[in-house]
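Any read-out appearing in this document is the output of simple, stated calculations on the displayed coordinates, not a laboratory observation. As the structure is a prediction and not an experimental result, all values here were calculated from the model. Positions of Cβ are backbone-derived with ideal geometry, glycine not excepted, and every protein chain shown enters the neighbour counts.
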Amino acid sequence: MTVRKRFSGAVLLAAVFACGCGADFDPYNRLGGLRVLAVRSEPPAPAPGETAKLSALVYTTDKDPVVSMAWSWCPFAGSANDGYPCLLTEAELRTMGAGDMVPAYDLGREAEASFLHGVDPQVLKALCAPAGMGMGPSAISAAFLPSCDGGFPVTVKLVVKTAKDTVTTVRTLKLRVDPDKDANANPTVDGITATLAGAERPVTETPEVTLPRNVDTVVKVAVPEAAAERYMGKDDNGQPAMVRERIFVTWFVEAGETRSERTSFIDGVVALPDALSNKWKPPLTKQYARDTLKIIVVVRDDRGGVAWTGGAVRLGAVK
């Protein structure tokens, strides 16, 4: 979840009604200003005593570069409207017997952060619903204690600033309570291709492929079948079963239109190759005068795994 500091909702609505017109918003996958597109943990769900490396995929324009990044975490975070305040202090967490290895809430100001899963697993188990009912600090109602399927959920927050903008993003990090259960790996992504004249051409950081403007071009992201892992989870009826991860793909572009903003793989419903393919129509020159264009693809699984890739293309004439 991402929060941007610009205008309040009330001010924005007032402006819309005052002008008597509807707002014309860009699609979700259109890139134009500062965005945090994804936050990744390696591994996605750390085991007790394991250190997770946290990194972020940040997009901004060349004219407004990132000037600062600030990482933090919290076991119980408040609402987005309040800025995700931590409802439990570090001192309170330690008095609950969480252990001496619990990391400080402040994870630093670097581009990447490290998070040591140093919380006593027994404390986490006690705080999981329903076993933790009636426990915990007074600021937290027992009715809101979390389900711990896949691990105990904590909140990681990242604040990214440029000279003109600030974006706050949060993601849930699952802390495993059993080192032998719920392990997961981030998906593997092997690049993007564009299909031209029947041939798949690699889309790289250096624009080497030329796409026609105002024409649908098939673009694909390479993700191996093994990326959708099998694990012991629950079936559609909530019963324990061996299931396969679902894969979700988001297609971000600086301009133009994609057939789908997001595509997904669901075992037995949507085939993986279908989820990894999309169509992209770059804009006309009058809509976008620049002759190069970026595409970024984020791949997620439904257990917290994240990966991404990107590249740039040149823009040609309309066929």
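Within the chain, the longest run free of exposed loop sites, counting GluC sites (Glu not before Pro) that sit outside DSSP helix and strand states (H, G, I, E, B) and have at most 13 other Cβ atoms within 10 Å, spans 209-319. For the chain, report the translational diffusion coefficient in µm²/s to the nearest whole number, using Stokes-Einstein at 4 °C, 1.567 mPa s, and a Kirkwood Rh over Cα pairs. So the translational diffusion coefficient is about 59 µm²/s. Within the same chain, lysines fewer than 8 places from Lys279 are excluded, and of the rest, those with a Cα less than 27 Å from its Cα are Lys220, Lys294, Lys319. Of the residues Ala222, Pro212, Phe252, the one whose Cα sits farthest toward the positive end of the charge dipole of the stretch 147-259, with +1 on the Cβ of Lys and Arg and -1 on the Cβ of Asp and Glu, is Phe252.
For the chain, the longest principal axis of the Cα atoms and the long axis of helix 9-19 meet at an angle of about 30 degrees. Think of it as helices only: each DSSP H run of n ≥ 4 in the chain is worth -39500 (n - 2.57), and spread over all residues that comes to -2000 deg cm²/dmol at 222 nm. A viscosity of 0.692 mPa s and a temperature of 37 °C, combined with the Kirkwood radius over C-alpha pairs in the Stokes-Einstein formula, give the stretch 45-104 a diffusion coefficient of 223 µm²/s. The 3J(HN,Hα) values that the Karplus relation (6.51, -1.76, 1.60; θ = phi - 60°) gives for the stretch 80-91 are, in residue order, 5, 4, 9, x, 6, x, 7, 8, 9, 6, 4, 5 Hz. Gly and Pro appear as x. A Förster radius of 41 Å, combined with the Cβ-Cβ distance separating Asp190 from Ala91, puts the computed FRET efficiency at roughly 0.30. Backbone phi angles across the stretch 191-199, fed through the Karplus curve with coefficients 6.51, -1.76 and 1.60 (θ = phi - 60°), yield HN-Hα couplings of x, 10, 10, 10, 8, 10, 6, x, 10 Hz in residue order; Gly and Pro are listed as x. In this structure the amide hydrogen of Asp302, modeled in the peptide plane, comes within under 5 Å of the amide hydrogens of Arg246, none closer than 5 places in sequence on its chain.
Counting only Cβ charges, +1 for Lys and Arg and -1 for Asp and Glu, the dipole size of the chain around its Cα centre is about 1040 debye.
Database remark: amide H of Glu50 closer than 5 angstrom to the amide H of His117 (H placed geometrically; neighbours at sequence offset of 5 or more, or on other chains; Pro and chain starts carry no H).
The tail of the calculated P(r) for the stretch 258-299, taken as Cα-Cα distances beyond 12 Å, holds 68 percent of the pairs. Phi-derived couplings, Karplus 6.51 cos²θ - 1.76 cosθ + 1.60 at θ = phi - 60°, listed residue by residue for the stretch 212-221: x, 6, 6, 10, 5, 10, 6, 10, 9, 10 Hz, with x used for Gly and Pro. For Thr166, the residues whose amide H sits under 5 Å from its own are Lys5, ignoring neighbours fewer than 5 places away on the same chain, with H placed 1.01 Å from N.
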